[in-house]
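So the structure is just underneath, and the comments pick up after that.
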Amino acid sequence: MIYLVEHFYSIQGEGRYSGSPSIFFRFGGCNMKCEGFNCQEIAPDGTKVLGCDTVYAVNKEHFSQNWVEIKSSKELLNILNIYDLPRSVDIVLTGGEPLIYANEKVFVEFLEALHKKGHRITFETNASLRVDFEKFPIYKKCIFALSVKLSNSNESFSKRVRGDIINSIASNAKEAFFKFSIDAESITLGLEEEISEIILHSPATQVYCMPLGGNKEEVETNTEPLIEFCKSKGYNFSDRLHIRIWDQNKGV
């Protein structure tokens, strides 16, 4: 069963293709909570829900009114007709964690149709869920932004860092790059060692670091220390344009 939380046409705000016009499909559900990010969302019933900056796509209990069940790939493809699009605009699949649906027939059919139409497809994933590249070769034609979670997520190491899966995705995908969410405090708390340990599983894969935050103020607070960190390590700094411009991470 597949759930779609939202879709919108904007620019990619993060990572290698930052600035590229993109249609985002945000799917509901995740195998992590990442409460350590301390982002709060107020549910319709007034409950304050703690988690990542897209907790509404993780917590179905309090945000179920936004979760739409998808029963066919045609339902997803029809969304493209809503927008006045340039030819072959980028498609970004995000969440939550979109790879929880990696083996679903409807999901695979959707990907195959997008590729046939000439779209560049990027997954934003925590890289902890296995992808069957042999059974579903469409995944070899996709790009993967590997947002492996750090200890600041408060998820256990064994759950968030799956070296064999990281290596498998990076080795089989059309393209892959690491993308880490980092706050200023974590830079002084062993962050360098954490990232080094993760990227050992795919040492040739480029690293992008972006400032943690669910709003413009938080992003700006974490930006300058992170830039200095990237300069010292030779990593790529990735801004979060959508938050810096629109001061939110939802539907922009």
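Readers should treat all values here as calculations from the given coordinates under stated rules, not as data from a laboratory. This is a predicted model, so every value here is computed, not measured. Glycine also receives a Cβ, built like all others from the backbone with ideal geometry; neighbour counts cover every protein chain displayed.
Numbers for the structure displayed
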{"quantity": "The range 143-189-the range 17-42 distance, computed between alpha-carbon centres (Å)", "calculated": "14"}
{"quantity": "Whether the range 41-119 is rounded, prolate or oblate, judged on the alpha carbon gyration tensor where a/c under 1.5 counts as rounded", "calculated": "prolate"}
{"quantity": "Candidates per GluC sites (Glu not before Pro) in the range 130-221, loop by DSSP, up to 15 other Cβ within 10 Å", "calculated": "E134"}
{"quantity": "Rounded FRET efficiency, nearest 0.05, which uses the C-beta distance separating L189 from N215 and R0 of 35 Å", "calculated": "0.95"}
{"quantity": "Cysteines without a disulfide-compatible neighbour (Cβ-Cβ under 4.7 Å), the chain", "calculated": "C30, C39, C142, C209, C230"}
{"quantity": "Distance (nanometres) between label positions extended 7 Å along Cα→Cβ at K135 and L85", "calculated": "2.8"}
{"quantity": "Trypsin sites (Lys or Arg not before Pro) lying in DSSP loop within the range 90-119, provided at most 15 other Cβ fall within 10 Å", "calculated": "K117"}
{"quantity": "Distance (nanometres) between label positions extended 7 Å along Cα→Cβ at E224 and N103", "calculated": "5.0"}
{"quantity": "Inter-label distance for S232 and E112, nm, one decimal - labels placed 7 Å from Cα along Cα-to-Cβ", "calculated": "5.0"}
{"quantity": "Within-14-Å neighbourhood charge of F237 [Cβ basis; K, R +1; D, E -1]", "calculated": "+1"}
{"quantity": "Filter on K60/K141; K105/K140; K117/K159; K74/K116; K105/K174 - keep pairs with C-alpha separation over 25 Å", "calculated": "K60/K141; K117/K159"}
{"quantity": "Check: the chain dipole with +1 on Lys, Arg Cβ and -1 on Asp, Glu Cβ, in debye", "calculated": "980"}
